[in-house]
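The values are calculated or read from the model by the stated rules, or taken from the named source; none is laboratory data. Values in this document were obtained by computation on a predicted structure and should not be read as measured data. All Cβ positions, glycine included, derive from the backbone under ideal geometry; neighbour counts span all protein chains shown.
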Amino acid sequence: MPKLGMTMTQGKVVDWKVTEGEPVEEGDEIFGIETEKITNACEAPASGVLRRQVAAAGTTLPVGALIGIIADEDTPEADIDSFIAKFKPEEEA
């Protein structure tokens, strides 16, 4: 979950604009986010394929939480599962 303001502590995934398996380019809008103050579109931080939507639409998560996985289409599913299992939000890492 990206931090969109100084006081933001959590955000809600409003909707996904990209489905799993769809290619994305860095800067493409991939999901909508809602906070106490704003609703905004979030952009892909990298190019690749949206391999996993970790957070479903309607889910509220703390800043730093994992929302989705963008990776090469050749990345094994086991590597993605391992990454998710070991993920620690930035503020905890």
Residue, nearest to Ile70 (Cα to Cα), within segment 46-56, restricted to residues that are under 9 Å from the mean Cα position of the chain (by Cα) and assigned to a loop (DSSP other than H, G, I, E, B): Val54
Identity of the residue in segment 57-90, among the hydrophobic types (A, V, I, L, M, F, W, C) and more than 13 Å from the chain's Cα centre (by Cα), that ends up farthest from Gly5 (Cα to Cα): Ala78
Test: residue in segment 10-22 that is modelled with pLDDT of 95 or more, more than 13 Å from the chain's Cα centre (by Cα) and not small (Gly, Ala, Ser): yes
Residue within segment 25-38 that is part of a loop (DSSP other than H, G, I, E, B), out of contact with any Leu (no Cβ under 9 Å at 6 or more places or on another chain), aliphatic (A, V, I, L, M) and surrounded by fewer than 12 Cβ atoms within 10 Å (Cβ to Cβ) present: no
